[in-house]
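To start, the structure itself, in structure tokens.
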Amino acid sequence: MAGDALVGWLNWCTPDELTAAVRRHRGARGIRRARAALAEIRPGSRSPGETRLRLSLVRRGLPQPALNHDVVVDGRWVACVDLAYPSARVAIEYESDLHRTDPRTFRKDLTRGEDLKDADWWLVRATSDDVGHAADRFADRVRRLLASGRDGRHDTRHRRPLQTIS
């Protein structure tokens, strides 16, 4: 997680600079763990929650998701989502308590969710539980959505046009 922070939201170094630093400190305490962690670093994460979620999914056998992915449909920007599997049209948003307690953030999240639905994307919301005690269940849910998206079965809700009530 520290590696994602250093090359991501803190912007302290590049992945190559971090790799070089680890190589320079051969034999230092903890260097084996640091070397192993290098393989898991992905620039682009914007929060510790996103990194924990990504690592949890990958460690449970799911493919590496795109980070902070811009969803664009028919040339129109729809949303930027924390994690995404674009080929299956699956978006994942990590929701910290801010998303629940801040009214402005909450409203933006609702609008983004509806925009993604309209664009025929699945939106999966994750909380700290989904990287903790419920991580297996969450990964299974994402796995099912990836399979249904690849098979061409996606959002099967057919929306009827709204009718004006007079």
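Of note:
- Looking at the range 1-82, the helices (runs of 4 or more DSSP H) lying wholly inside it that each contain 1 or more residues that are modelled with pLDDT of 80 or more and surrounded by 17 or more Cβ atoms within 10 Å (Cβ to Cβ) sit at 48-59.
- Checklist (1) assigned to a strand (DSSP E or B); (2) surrounded by fewer than 18 Cβ atoms within 10 Å (Cβ to Cβ); (3) at pLDDT 95 or above applied to Arg125, failing item: (3)
- Residue within the range 87-96 that is in the same structural domain as Leu146 (by TED's automatic domain parsing), modelled with pLDDT under 90 and either exposed (fewer than 13 other Cβ atoms within 10 Å of the Cβ) or hydroxyl-bearing (Ser, Thr, Tyr) (or both) present: yes
- Qualifying residue in the range 123-145 (condition: out of contact with any helix residue (DSSP H, G or I) (no Cβ under 7 Å at 6 or more places or on another chain), within 18 Å of Ala84 (Cβ to Cβ) and of a type in the set (Asp, Glu)): no
- Contact annotation: residue pairs with Cβ atoms under 7 Å, 6 or more positions apart or on different chains, pairing a residue in the range 105-121 that is in contact (Cβ under 8 Å) with a residue 24 or more places away in the chain with a partner that is among the basic types (Lys, Arg), are Asp120/Arg89; Trp121/Arg89.
- Of the residues making up the range 99-121, not a single one is in contact with a Gly (Cβ under 8 Å, 6 or more places away or on another chain), assigned to a helix (DSSP H, G or I) and buried (at least 19 other Cβ atoms within 10 Å of the Cβ).
- Enumeration of residues in the range 83-95 that are of a type outside the set (A, V, I, L, M, F, W, C), part of a strand (DSSP E or B) and over 15 Å from Lys108 (Cβ atoms): Tyr85
The values are calculated or read from the model by the stated rules, or taken from the named source; none is laboratory data. As the structure is a prediction and not an experimental result, all values here were calculated from the model. A quick note on method: Cβ atoms are made from the backbone with ideal geometry, for glycine too, and the neighbour counts reach across all protein chains shown.
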